[in-house]
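These notes concern the structure reproduced below.
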Amino acid sequence: MTQRRYLLAESEIPTHWYNVMADVGPPPPPLHPGTGEPVGPDMLTPLFPMALIGQEMSPERWHPIPDIVREIYSMWRPTPLYRALGLEQALGTDCKIFYKYEGVSPAGSHKPNTAVPQAYYNQQEGVKRIATETGAGQWGSALSFAAGHFDIEVKVYMVRVSYDTKPYRRAMMETWGGTVVGSPSPDTNAGRKALEENPDSTGSLGLAISEAVEDAATRDDTKYALGSVLNHVLMHQTVIGQEAQKQLDQAGAYPDVVIGCTGGGSNFAGIAFPFVADKAAGKALRIVAAEPASCPSLTRGHYGYDFGDTAQMTPLLPMHTLGHTFMPAPIHAGGLRYHGMAPLVSKLVHEGIVEAVAYRQNECFAAGVRFAAAEGIIPAPEANHAIRAVEVEVEAARAAGESRTILFNLCGHGHLELGAYQQYLNGELVDFDLPQADIDAAAEVLVGMPSAG
């Protein structure tokens, strides 16, 4: 019998987070929007605890994981690595397909890998309240879960389309003690302005970030937490790839291709960055980031400086972006509906270290249904983009007469997304084609922005 699951003992939970900047260099620095000068720690202290600011700017390769964080990690880590034997058979391929499954966490996704340390470092500085945003609800759920372990109150601004269509995500957050409002909300200036302009706005991650940042910046008892994009967030996720490397050693395998879905970049970074280190050391492999065709920041966006939020409250970040006013279509992969991409992921794509691809909603759900039939796990809509990329890779290998070893990150389960699956099965799921004219119009806000090189 061919082995399907590769497991590690709790003692093998990584002891350090990996900082990819040590091997590929830092991205261009964030800039103050008023002066154009690089942002220092002073500008970030109203929002983040100093420990996280230090990690954000650090060039050090390894950062120790606090014992209490590893102890909480042990509730679900190490996560299993699976050989996708059923999918291989269904696709009729001799490629070897492996997936790292992050859906076993309490919140059902990879997000607690950074939520727990962020809550810990805030608690260490005496923070009593955190404001944050969430797209599909995975991050809000994870932070509500994590903050409960450290007696911290959480206010979550949930993108309106997900707030309306994913009520059980709201219930998860509230069960763990979080307070949830739909974004745009009447609770902030940014939200009120958006509602005045469009009372029926479906929201976006960029707008929800504006609300959460405003909340934190206007209250002395509150800090802000972000579930993706920033360097320290991506670094916390590298426990995924580190574990996968050990598990592939158990399987006697090494990937020709590593694949992850991308919205802000945290899930992708978690699986990919440890393999970027291998590539920097001379290993021959390809790394692929899969994004939605309706929000294609990497494949059709501009590489340069832009605000990380809609209301222009953040520093200018060097990233692939569609423009901070871009309002993505209401696809079900809410975690991928962000106008920009993490500076580190953007840098790697810009430099050709990482490839980027984009797929439409229906073909991704079709891939998710095929995966569920073959492997038994119903994937999150976000992860369906990675699965579709795997299928395309298999097709390319067949055309080339090759057998490839493929690794991807299954970043969450779809148990609370069954309404979307029902729409797909009923033939009611809509593909949102993004005309170039819409991209050009959204990019007008980037005129005059600094170049990222």
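Tabulated data
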| quantity | calculated |
| --- | --- |
| Lone unmet requirement of (1) part of a helix (DSSP H, G or I); (2) among the aliphatic types (A, V, I, L, M); (3) in contact with an Asp or Glu (Cβ under 9 Å, 6 or more places away or on another chain) for Met43 | (3) |
| One residue from Leu81, Leu85 being open to solvent by 20 Å² or more (accessible area, probe 1.4 Å) and of a type in the set (A, V, I, L, M) | Leu85 |
| Filter result for Pro315 (under 23 Å from His32 (Cα atoms) and of a type outside the set (Asp, Glu)) | yes |
| Residue in the range 275-292 that is in contact (Cβ under 8 Å) with a residue 60 or more places away in the chain, touching a strand residue (DSSP E or B) at 6+ places or on another chain (Cβ under 9 Å) and assigned to a loop (DSSP other than H, G, I, E, B) present | no |
| Verdict on Ile406 being in contact (Cβ under 8 Å) with a residue 40 or more places away in the chain, in contact with a strand residue (DSSP E or B) (Cβ under 9 Å, 6 or more places away or on another chain) and not in a loop (DSSP other than H, G, I, E, B) | yes |
| Looking only at the range 10-26, and only at residues there that are open to solvent by 50 Å² or more (accessible area, probe 1.4 Å) and either closer than 30 Å to Thr218 by Cβ or not in a helix (DSSP H, G or I) (or both), the one that is modelled with the lowest pLDDT | Pro26 |
| So Ile72, is it under 20 Å from Cys411 (Cα atoms), part of a strand (DSSP E or B) and either hydrophobic (A, V, I, L, M, F, W, C) or modelled with pLDDT under 95 (or both) | no |
| All positions within the range 365-381 that are open to solvent by less than 10 Å² (accessible area, probe 1.4 Å) and in a loop (DSSP other than H, G, I, E, B) | Ala380 |
| Count - residues of the range 405-429 that are exposed (fewer than 14 other Cβ atoms within 10 Å of the Cβ) and more than 25 Å from Lys111 (Cβ to Cβ) | 4 |
| Selected residue [small (Gly, Ala, Ser), at positive phi and without any contact (Cβ under 8 Å) to a residue 40 or more places away in the chain] from Gly203, Gly177, Gly265 | Gly177 |
| Among residues of the range 290-311, those that are in contact with a Leu (Cβ under 8 Å, 6 or more places away or on another chain) and either among the charged types (D, E, K, R) or more than 15 Å from Met327 (Cα to Cα) (or both), counted | 7 |
| Count - residues of the range 27-59 that are loosely packed, with under 12 Cβ neighbours inside 10 Å and in contact (Cβ under 8 Å) with a residue 12 or more places away in the chain | 2 |
| Test: residue in the range 134-148 that is hydroxyl-bearing (Ser, Thr, Tyr) and without any contact (Cβ under 8 Å) to a residue 40 or more places away in the chain | yes |
| Residue identified as modelled with pLDDT of 95 or more, farther than 23 Å from Gly260 by Cα and part of a loop (DSSP other than H, G, I, E, B) among Gly453, Gly427, Gly448 | Gly427 |
| Residues of the range 296-353 satisfying the condition of being assigned to a loop (DSSP other than H, G, I, E, B), farther than 22 Å from Trp139 by Cβ and among the aliphatic types (A, V, I, L, M) | Ile353 |
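To keep it simple, each residue is scored yes or no on (1) open to solvent by less than 10 Å² (accessible area, probe 1.4 Å); (2) within 25 Å of His232 (Cβ to Cβ); (3) at pLDDT below 95; (4) touching a Gly at 6+ places or on another chain (Cβ under 6 Å).
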position	(1), (2), (3), (4)
Lys246	no, yes, no, no
Tyr254	no, no, no, no
Val257	yes, no, no, no
Ile271	yes, yes, no, yes
Val276	yes, yes, no, no
Lys279	no, yes, no, no
Ile287	yes, yes, no, no
Ala290	yes, yes, no, no
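The values are calculated or read from the model by the stated rules, or taken from the named source; none is laboratory data. Nothing here was measured: the structure is a model prediction, and the numbers come from that model. Neighbour counts are summed over all protein chains in view; Cβ atoms, including those assigned to glycine, are modelled from backbone coordinates with ideal geometry. Just so you know, the surface numbers come from the protein's heavy atoms only, side chains and all, with ligands and any DNA or RNA stripped out. Shrake-Rupley method; radii C 1.70, N 1.55, O 1.52, S 1.80 Å.
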